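The values are calculated or read from the model by the stated rules, or taken from the named source; none is laboratory data. All figures in this text were calculated on a predicted structure; none of them were measured in a lab. Glycine also receives a Cβ, built like all others from the backbone with ideal geometry; neighbour counts cover every protein chain displayed.
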Amino acid sequence: MMLKKYAGGATTACLKTGGEIVHVDCVSHTYPDGSVGIHHMCFHVVPGEIVGLCGANGSGKSTLIEHLNGLLEPTEGSITVLGTDMKGRRREIWKEVGIVFQRSDDQLFAPTVMDDVMFGPINLGKTAAEARKAAEDALSAVGALHLSQKMPNYLSGGQKRLVCIAGVLAMKPRMIAMDEPTSDLDPQHADLVEQIIKDLRDKYGISVVIATHDMDLAARLCDRICVVRGGSIIAEGTPADVFYDESMLKESGLKKLRVAETYEAICRVAGVSPCSRPITPEDLARCVETMMKGRSYEGLGRTQNN
């Protein structure tokens, strides 16, 4: 996939590719105070992918997230889920597209964790027994079954995030959107949430959308990156395509990857030109290994010539 850039949210980004779970077609949203949240936003998600929404504060990431399952409705444009316009169909949409909020306390409200995770399945028409089974499976999937009888108010921030994910997973959606899924988490829970996101795609076949400021997280997790600026998606591509476009990163208020900074520093010190685009630490290690082998062959050649 090559990097695609769109000037001003160009409508070419709205073309349907077929088989999409969600298709956002030139959507704009204006809040009651006149603030424009998103403008001519074009976006889509297909089965089996993790998509990253990357942009500065106020770029429109969270507003887009809240449109994906009907929490907000467009002022202009349309959103389809599984090929059907979602306008006025909020209840039907919720079973296909779930959202995990940035603030866990906005999502948790029931007396116990089990009650909270059962709430979604019950509202989809499941019996109490069916809802409990779905809740137990979801809590087990995120490693939080032992918290089932705890009160949400007394959980740690990391535990609350796991319960929120379980509450959405219990509804068995086709797609889950997460707003800053690892923000304010300790390293242990951040790593756990990162693995859960991978498992959602790889084990459960659920597509995931993450809005994040953590470029390194997005690079490690995402199949596709969408750069959001001024309420529109201005570019999309693979992590390597996006995160090595220095001019676009600067224009969008995004930081260069730590791996990219380290790789460029190694190349400067070694006196060689960058010839690759590592994204993960493993990619970087392979690049360094290749450089070292090249140096070894070069040294061997000099020895033989002498």
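Overview of results
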item	result
Any hit, region 254-266, residues being modelled with pLDDT of 90 or more, aromatic (Phe, Trp, Tyr), over 30 Å from residue 165 (Cα atoms) and crowded, with 17+ Cβ neighbours inside 10 Å	yes
Candidates 235, 177, filtered to the one that is in the same structural domain as residue 26 (by TED's automatic domain parsing) and in contact with a Lys or Arg (Cβ under 7 Å, 6 or more places away or on another chain)	235
Count of region 107-120 residues which are part of a loop (DSSP other than H, G, I, E, B) and either of a type in the set (Gly, Ala, Ser) or under 29 Å from residue 61 (Cα atoms) (or both)	4
Enumeration of residues in region 163-191 that are touching a Leu at 6+ places or on another chain (Cβ under 7 Å) and either farther than 20 Å from residue 70 by Cβ or among the basic types (Lys, Arg) (or both)	163, 166, 182
Meets criteria (within 26 Å of residue 21 (Cβ to Cβ) and either in contact (Cβ under 8 Å) with a residue 40 or more places away in the chain or surrounded by fewer than 19 Cβ atoms within 10 Å (Cβ to Cβ) (or both)) for residue 111	no
Region 22-51 residues that are assigned by TED's automatic domain parsing to the domain that holds residue 237 and over 16 Å from residue 70 (Cα atoms), paired with ones that are surrounded by fewer than 21 Cβ atoms within 10 Å (Cβ to Cβ) and of a type in the set (Lys, Arg) (beta carbon under 7 Å, 6 or more apart)	48/201; 49/224; 50/201; 51/224
Candidate set from region 208-226 (those that are β-branched (Val, Ile, Thr) and in contact with a Gly (Cβ under 6 Å, 6 or more places away or on another chain)); member that is nearest to residue 179 (Cα to Cα)	210
All positions within region 195-217 that are of a type in the set (A, V, I, L, M) and over 19 Å from residue 22 (Cβ atoms)	196, 215, 217
Test: residue 288 is among the β-branched types (Val, Ile, Thr) and assigned to a helix (DSSP H, G or I)	yes
Of all residues making up region 162-214, the number that are on the phi > 0 side of the Ramachandran plot and without any contact (Cβ under 8 Å) to a residue 12 or more places away in the chain	0
Positions within region 138-162 being touching an Asp or Glu at 6+ places or on another chain (Cβ under 7 Å) and more than 28 Å from residue 226 (Cβ to Cβ), in sequence order	145, 152
